[in-house]
Amino acid sequence: MEKSYNFIIKITSTCNLNCSYCYMFNMGDNSFLRKPKIMHKEVATNALKRIFEYACRNNTKVVRITLHGGEPLLAGKEWMEWFFNEVLDLAPDNLQVAVNIQTNGVLLDKQWIHLFSSYNIGIGISIDGPQEWHDKYRTDHLGRGSYKDVKRAINLLIASEYSKIGWGVLSVANPEFSGVDIYNHFKSLGIKEMDFLWPDYHYDNPPKWPPGSLAQYYIGIFDQWYNDQDTTIKVRWINGVIKALLVGTSNVSGLGGTPVTDVVIETDGSLEPYDAIRTCGNEMTRLGLNVVQDTIESLRETDLFQMCAKNNDLLSNECLNCSILSVCGGGSIVHRWSGKNGFRNPSVYCQDLKLIIEHMQNRIISDLYQHKIIS
């Protein structure tokens, strides 16, 4: 089995926004109600020790730690600076540790940016498009939109020349809106790195749009990006599909049967597998493991973690006989869930995936023939 390199530490289990589609708080799992709102420092220290011990035992040279929530900035600047110093103090000399943070951007200010840049922290900001679309779903607990604060944060990052360290945006795809318009809006803001996430629906909680709707959303983004021929702009999901089409592998979760080996550490220290699985059942990811007494290997030995890591073994016959299996890989394991068959279903987005992947494949191959790269 592939080693774990990605570790997601949920340093908060509360948020200053109340996004309607949030898999942490609004998709059926209520385990957050019994967790500390902010991770205690002793728990964070134990989490780092477990990660670094695992890296040493498995001869892992690089680990990526993503600070997540909830909204991680609610932990405060003092806590955050303490954590960064704890990473530096505890990490083995021969281990490269990349730390990133995923934030809604509302609290991001010059002081936060200075702190992150001082420790070389990568930043991801959640934004769903122009104001009228972003503010429809990404609201605070009083129903007020967050776009103006997020745009201010993006402007601060651009003014700080943070691109030398690395930052980008994350958007949850929604075919109610135009994918190409959202992509163009991001470009107009000066954003160079972006990703568009497939919403975390499955057969027991299916998407509210007709099949094919999301494909058109992604086709619009791909065609605009492809026509632009601007190599400075990176769209992670699209880049992952192209890599899978050309070389047969992808590092994007939910593509090409990529093993899902992310390790999640919750605010109470709980060790859990891929966190979006919580949308498949209340407390489904609660396995009774904790960094205080359990190792990373203990989590990896559980049935649920094994299913994520070997999700190719759970493919349906429909997937196994599909022409795009080598690219799609059956889609995200979450999108394959049903109470009846477990994860042995085609993706609930099967039709959409086939449409967008075949569209991309046809355009790319057509251009390769046209330019006589292949014959």
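Numbers below:
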read-out: Selection count where residues are surrounded by 18 or more Cβ atoms within 10 Å (Cβ to Cβ) and under 20 Å from Trp167 (Cβ atoms), scope segment 234-246; value: 4
read-out: Where a residue in segment 21-39 is on the phi > 0 side of the Ramachandran plot and its partner, wherever it lies, is modelled with pLDDT of 85 or more and surrounded by 19 or more Cβ atoms within 10 Å (Cβ to Cβ), with Cβ under 8 Å and at least six apart; value: Gly28/Arg278; Gly28/Thr279
read-out: Unmet criterion (only one of (1) touching a helix residue (DSSP H, G or I) at 6+ places or on another chain (Cβ under 6 Å); (2) among the charged types (D, E, K, R); (3) not in a loop (DSSP other than H, G, I, E, B)) for Asp29; value: (3)
read-out: Filtered residues of segment 199-210 (kept if farther than 15 Å from Pro346 by Cβ and in contact (Cβ under 8 Å) with a residue 60 or more places away in the chain); value: Pro199, Asp200, Asn205
read-out: Count of segment 151-172 residues which are hydrophobic (A, V, I, L, M, F, W, C) and over 19 Å from Ser188 (Cβ atoms); value: 2
read-out: Unmet criterion (only one of (1) among the β-branched types (Val, Ile, Thr); (2) over 22 Å from Ser4 (Cβ atoms); (3) surrounded by 23 or more Cβ atoms within 10 Å (Cβ to Cβ)) for Val291; value: (2)
read-out: Ser213 vs. criteria among the polar types (S, T, N, Q), touching a residue at least 60 places away in the same chain (Cβ under 8 Å) and farther than 26 Å from Ser366 by Cα; value: no
read-out: Among (1) in contact (Cβ under 8 Å) with a residue 60 or more places away in the chain; (2) under 22 Å from Ala44 (Cα atoms); (3) not β-branched (Val, Ile, Thr), the one test that Leu299 misses; value: (1)
read-out: Selection count where residues are in contact with a helix residue (DSSP H, G or I) (Cβ under 9 Å, 6 or more places away or on another chain) and more than 21 Å from Gly145 (Cα to Cα), scope segment 95-118; value: 12
read-out: Number of positions in segment 9-22 that are farther than 18 Å from Lys136 by Cβ and surrounded by fewer than 20 Cβ atoms within 10 Å (Cβ to Cβ); value: 1
read-out: Of the criteria (1) touching an Asp or Glu at 6+ places or on another chain (Cβ under 6 Å); (2) without any contact (Cβ under 8 Å) to a residue 24 or more places away in the chain; (3) hydroxyl-bearing (Ser, Thr, Tyr), which one Ser171 fails; value: (2)
read-out: When residues of segment 82-115 are limited to those that are assigned to a helix (DSSP H, G or I) and among the polar types (S, T, N, Q), the one surrounded by the fewest Cβ atoms within 10 Å (Cβ to Cβ); value: Gln111
read-out: Top-ranked residue of segment 133-166 - restricted to ones that are over 23 Å from Tyr21 (Cβ atoms) and of a type in the set (A, V, I, L, M, F, W, C), ranked as farthest from the chain's Cα centre (by Cα); value: Ala159
read-out: Filter result for Phe84 (without any contact (Cβ under 8 Å) to a residue 40 or more places away in the chain and closer than 17 Å to Gly269 by Cβ); value: no
read-out: Looking only at segment 247-284, and only at residues there that are free of Cβ contacts under 8 Å to residues at least 40 places away in the same chain and surrounded by fewer than 18 Cβ atoms within 10 Å (Cβ to Cβ), the one that is farthest from Asp29 (Cα to Cα); value: Val247
read-out: Subset of segment 1-26 that is among the β-branched types (Val, Ile, Thr) and not in a loop (DSSP other than H, G, I, E, B) - its residue that is nearest to Leu107 (Cα to Cα); value: Thr12
read-out: Segment 116-128, residues that are buried (at least 22 other Cβ atoms within 10 Å of the Cβ) and assigned to a loop (DSSP other than H, G, I, E, B); value: Ile121, Ile127, Asp128
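The values are calculated or read from the model by the stated rules, or taken from the named source; none is laboratory data. Please read all numbers here as calculations on a predicted model, not as lab measurements. Cβ coordinates were reconstructed from backbone atoms using ideal geometry, including for glycine residues, and neighbour counts include every protein chain displayed.
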